[in-house]
Amino acid sequence: MTEKMYNQCVNLYADNVYRFIWKNLRHEEDAKDIVQSAFEKLWMNRAQVAEGKEKSYLFTIAYHQMIDHIRKNKRVALHETFGDEALGNTKQPNAIGHQNLMRALDQLNELQKSLVMLKDYEGYSYQEIGEITGLNESQVKVYLHRARITLRNYLVSPENVL
């Protein structure tokens with residue numbers, strides 16, 4: 001990979017990788033750090049990355065770094081003590097629906113949440129998701145199906161209906 005090809009990768013994929021990581025972490029600075037680190041690894045391993053596989057490589061690296069970050073934060077167990085409700089903010093109907101959807105996504109484990117984001121938000125194929133996550137296509141379909149069932153059950157339960 002040449003410097004020009006690397007710069008094209010940055011221009012083409014940086015926003016997509018950032019959006020994927022941010023949607024999972026919901027923390028801007030951590031997402032930026034992971035994206036930067038993924039591009040750094042792409043540059044360092046540019047000789048081993050096959051032409052045309054740069055996007056898959058970036059998402060795979062970013063995904064694994066995100067999982068490592070989540071695991072590290074679970075061990076550290078630092079959580080904010082005050083949410084928006086404690087501050088007395090009033091919610092608009094769309095904000096309530098968005099918040100309800102985010103709570104539904106929180107019901108999923110990291111893998112399921114990533115699969116839902118990659119498929120439904122980013123629009124990747126099952127095969128591409130498999131390459132990114134290291135799963136085979138059948139596993140992606142099964143885990144994604146289970147995640148959607150969990151989301152549906154959460155969203156239609158009486159206590160969670162708007």
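The values are calculated or read from the model by the stated rules, or taken from the named source; none is laboratory data. All of these numbers come straight from a predicted model, not from anything done at the bench. Cβ sites come from the backbone with ideal geometry, for glycine too, and all protein chains shown count toward neighbours.
All but one of (1) closer than 19 Å to T133 by Cα; (2) charged (D, E, K, R); (3) at pLDDT 85 or above hold for E29; state the number of the condition that does not hold.
Status for E29: all satisfied but (1).
Would you please list the contacts, defined by Cβ atoms under 7 Å and residues six or more apart or on different chains, that run from a residue in segment 42-54 that is of a type outside the set (V, I, T) to a residue that is in a loop (DSSP other than H, G, I, E, B)?
The qualifying pairs are L42/V49; R46/M1.
Residue-wise test of (1) surrounded by fewer than 16 Cβ atoms within 10 Å (Cβ to Cβ); (2) part of a helix (DSSP H, G or I).
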position: G123; (1), (2): yes, no
position: I129; (1), (2): no, yes
position: V142; (1), (2): yes, yes
position: R146; (1), (2): yes, yes
position: T150; (1), (2): no, yes
